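Heads up, the thing below is written out as structure tokens.
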Amino acid sequence: DGGITQSPKYLFRKEGQNVTLSCEQNLNHDAMYWYRQDPGQGLRLIYYSQIVNDFQKGDIAEGYSVSREKKESFPLTVTSAQKNPTAFYLCASSPQGARAETQYFGPGTRLLVL
Amino acid sequence: LAKTTQPISMDSYEGQEVNITCSHNNIATNDYITWYQQFPSQGPRFIIQGYKTKVTNEVASLFIPADRKSSTLSLPRVSLSDTAVYYCLVGDKDNDMRFGAGTRLTVKP
């Protein structure tokens, strides 16, 4: 089956701890995205990448970091600098990201702070 | 970035047609209009996209007037399973499009 997988489904973070959320796609898409969603709110763009080894900040990049070493993988690290990390995190991909294309979303990871 | 405005919520009954309107007064010439559907604790799912006039697929229709300053998503004969949040996005690149708060549609029996 082609698609996007995110793991884990639930993740708990302790104070001062960095945590990494996994996102993998086998759709052969060039572009990948990370969004954050707070309860009752829309999605906000954290980071995006249109090609391997390149990524750009979105609207709320502070406290987050990403890497894009492989086409199929785009992990997101929530650092200790992110003071309010509790949210639902969604990863997406699209063929090229160069024009309005359908974005395909993963099932999401819910991050909770202990 | 083109800003969109949608109603916060709508209620409907099973079997009715639902029309959700989105305003995008500062839409640019190259911008497309895209709608997504999101169920609780899931990622959004693409519904339909258009540039002008009317687009129809097996799920919905999208009506866009000539001035393109608004668009209407039409869901024919909704069922309980259509209860979800619907987002209207405007842009010409994926990283230019923004998800607002969306419209929370509740379909009642």
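Rule-based calculations on the coordinates, nothing more; no lab input. Because the structure is a prediction, the values reported are computed rather than measured. In this analysis, Cβ positions are derived from the backbone assuming ideal geometry, glycine residues included, and neighbour counts consider all displayed protein chains.
Quick notes on this one:
- B:Arg45 satisfies every condition listed in (1) on the phi > 0 side of the Ramachandran plot; (2) within 13 Å of chain A (Cβ to nearest Cβ) except (1).
Listed here are the residues, each with its yes/no results for (1) on the phi < 0 side of the Ramachandran plot; (2) in a strand (DSSP E or B); (3) within 13 Å of chain B (Cβ to nearest Cβ); (4) in contact with a strand residue (DSSP E or B) (Cβ under 9 Å, 6 or more places away or on another chain).
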position: A:Gln6; (1), (2), (3), (4): yes, yes, yes, yes
position: A:Leu21; (1), (2), (3), (4): yes, yes, no, yes
position: A:Asn28; (1), (2), (3), (4): no, no, no, no
position: A:Met32; (1), (2), (3), (4): yes, yes, yes, yes
position: A:Arg36; (1), (2), (3), (4): yes, yes, yes, yes
position: A:Pro39; (1), (2), (3), (4): yes, no, yes, yes
position: A:Arg44; (1), (2), (3), (4): yes, yes, yes, yes
position: A:Ile60; (1), (2), (3), (4): yes, no, yes, yes
position: A:Thr77; (1), (2), (3), (4): yes, yes, no, yes
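- Qualifying residues in the stretch B:13-52 (those that are in a strand (DSSP E or B) and among the polar types (S, T, N, Q)) - the one surrounded by the fewest Cβ atoms within 10 Å (Cβ to Cβ): B:Asn19
- Residues satisfying the stated conditions in the stretch A:79-95, i.e. assigned to a strand (DSSP E or B) and surrounded by fewer than 19 Cβ atoms within 10 Å (Cβ to Cβ): none
- Failed condition for A:Asn53, given (1) more than 9 Å from every other protein chain (Cβ to nearest Cβ); (2) within 12 Å of the chain's Cα centre (by Cα): (2)
- Looking across B:Asp96, B:Asp92, B:Asp67, one residue alone is of a type in the set (D, E, K, R) and free of Cβ contacts under 8 Å to residues at least 24 places away in the same chain. It is B:Asp67.
- When the residues of the stretch B:73-82 are filtered to those that are surrounded by 17 or more Cβ atoms within 10 Å (Cβ to Cβ) and touching a Phe, Trp or Tyr at 6+ places or on another chain (Cβ under 9 Å), the one that is nearest to the other protein chains (Cβ to nearest Cβ) is B:Leu73.
- Positions within the stretch B:53-72 being assigned to a loop (DSSP other than H, G, I, E, B) and either among the hydroxyl-bearing types (Ser, Thr, Tyr) or surrounded by 19 or more Cβ atoms within 10 Å (Cβ to Cβ) (or both), in sequence order: B:Ala60, B:Arg68
Rundown of residues vs (1) of a type outside the set (A, V, I, L, M); (2) touching a residue at least 24 places away in the same chain (Cβ under 8 Å), yes/no style:
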| position | (1), (2) |
| --- | --- |
| A:Gln6 | yes, yes |
| A:Lys9 | yes, yes |
| A:Ser22 | yes, yes |
| A:Asp30 | yes, yes |
| A:Asp38 | yes, yes |
| A:Gly42 | yes, no |
| A:Asp54 | yes, no |
| A:Lys57 | yes, no |
| A:Val66 | no, yes |
